[in-house]
Amino acid sequence: MASSMSLPRILAAARPHNGGFVTDIPAEWMQGRTSYGGLSAALALVAAQQLANDLPPLRSATVNFVGPLAGEVAVTARLLRRGRNASWISAEVASEAGVGLTATFVFMGAVEQSTLHLHDVPVPANLIPLADAVPLPERAGPSFAPNLERRFALPQAEPAQPVICWWERLRDAQGLDPMVALLLLSDALPPGVMPLTGPAPISSMTWLINLLTADPQTDDGWFLLRAAGNYAEKGCSSQDMAIWNTRGEAVAVGMQSIAIFG
């Protein structure tokens, strides 16, 4: 069942503050003792977009998860540089406890004279088509999970592999900028190493996401998300991430550093 406080409703309830806005993070968007990372990053992106109405498309975001965020938060942004083709904007999300998230967004227009064409992000092998994919249990996962629809996209591996791949979509993206909606969704997977550890406390530390399209489109809101762990030692894990639309076109790639306490 969808949350009564989807992101469109959270934004509708926001109040202007210091060039940004103040809003509340509902319990339905929590991940343990902090806000779901995709929600915090999406709020930061909204504040960045509000600085100018003629920004080029978002092409990259670097996000630092500094500390827990809950309750009322203040979201602010400032322009770092605006060039002829690209703009850099920094943003912060803070609560009473202090800064919980910082982000740097890069907005860049197309370079029409470029002749380089490279698209080497293939969909995973053995992919289960969306129509055949089995839904995850309704109540499985963290508090924010009911805001999403989720289906298993790969057969269960034996022995277990450090890979998680699911079909996912937001239950309510009404009126959201497509890039904000994609950022909101794109951090929704558990860590790729989770099949090796089982349930364990985690804390995302840094996240880099590069957008491969200026206008992310898909069928009926569904995207394919994949997280593949490539390193884990003494509690520090690194993973590669990718997102495709229903036509098998890559729309984003990324990398994340996660602390695993188990």
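Write out, first by first residue and then by second, each pair whose Cβ atoms fall under 6 Å of each other, whose residues are 6+ apart or on separate chains, and whose first residue, in region 199-220, is free of Cβ contacts under 8 Å to residues at least 40 places away in the same chain and under 21 Å from TYR36 (Cβ atoms) while the second is in a strand (DSSP E or B) and of a type in the set (A, V, I, L, M).
Taking only residues 6 or more apart or on different chains, the pairs are PRO216/VAL251.
Just the residues that are over 15 Å from the mean Cα position of the chain (by Cα), charged (D, E, K, R) and part of a strand (DSSP E or B), please, taken from region 208-241.
GLU233
Any residue at all in region 209-225 that's hydrophobic (A, V, I, L, M, F, W, C), crowded, with 17+ Cβ neighbours inside 10 Å, touching a Leu at 6+ places or on another chain (Cβ under 9 Å) and under 13 Å from ILE164 (Cβ atoms)?
yes
State all residues of region 216-262 that are closer than 22 Å to SER203 by Cβ and of a type in the set (Ser, Thr, Tyr); if no residue qualifies, say none.
TYR231, SER237, SER238, SER257
Within the set of pairs 6+ apart or on separate chains, which have a first residue in region 4-23 that is over 22 Å from ARG78 (Cα atoms) and of a type in the set (Lys, Arg), a second that is at pLDDT 95 or above and loosely packed, with under 12 Cβ neighbours inside 10 Å, and C-beta atoms under 8 Å apart?
As it stands, the answer is none, since no pair meets every condition given.
Residue-by-condition table, conditions (1) surrounded by 11 or more Cβ atoms within 10 Å (Cβ to Cβ); (2) over 23 Å from the mean Cα position of the chain (by Cα); (3) hydroxyl-bearing (Ser, Thr, Tyr):
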{"position": "LEU101", "(1), (2), (3)": "yes, no, no"}
{"position": "THR104", "(1), (2), (3)": "yes, no, yes"}
{"position": "GLU112", "(1), (2), (3)": "no, yes, no"}
{"position": "LEU116", "(1), (2), (3)": "no, yes, no"}
{"position": "VAL123", "(1), (2), (3)": "yes, no, no"}
{"position": "PRO129", "(1), (2), (3)": "no, no, no"}
{"position": "ASP132", "(1), (2), (3)": "no, yes, no"}
{"position": "PRO137", "(1), (2), (3)": "no, no, no"}
{"position": "ALA140", "(1), (2), (3)": "no, no, no"}
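In region 66-93, how many are among the small types (Gly, Ala, Ser), closer than 23 Å to PHE107 by Cα and part of a strand (DSSP E or B)?
Residues of region 66-93 among the small types (Gly, Ala, Ser): 67, 70-71, 74, 77, 83, 86-87, 90-91.
Subsequent filtering for residues that are closer than 23 Å to PHE107 by Cα retains 74, 77, 83, 86-87, 90-91.
Applying the additional criterion that residues be part of a strand (DSSP E or B) yields 74, 77, 86-87, 90-91.
Matching residues across region 66-93 total 6.
Any residue in region 53-75 that is of a type in the set (D, E, K, R) and in contact (Cβ under 8 Å) with a residue 40 or more places away in the chain? Show your work before the answer.
Of all residues in region 53-75, those of a type in the set (D, E, K, R) come to 54, 59, 72.
Right, trim to in contact (Cβ under 8 Å) with a residue 40 or more places away in the chain and you get 59, 72.
Among the residues of region 53-75, at least one is of a type in the set (D, E, K, R) and in contact (Cβ under 8 Å) with a residue 40 or more places away in the chain, which makes the answer yes.
Each row is one residue, and each column tells you yes or no for (1) touching a Phe, Trp or Tyr at 6+ places or on another chain (Cβ under 9 Å); (2) within 20 Å of ALA259 (Cβ to Cβ).
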position	(1), (2)
PRO8	no, no
GLY20	no, no
ARG33	no, yes
LEU45	yes, no
LEU51	no, no
PHE65	yes, yes
ARG84	no, no
ILE89	yes, no
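The values are calculated or read from the model by the stated rules, or taken from the named source; none is laboratory data. Keep in mind the model is a prediction, meaning the values are calculated, not measured. As a convention, Cβ positions derive from the backbone with ideal geometry for all residues, glycine included, and neighbour counts pool all protein chains shown.
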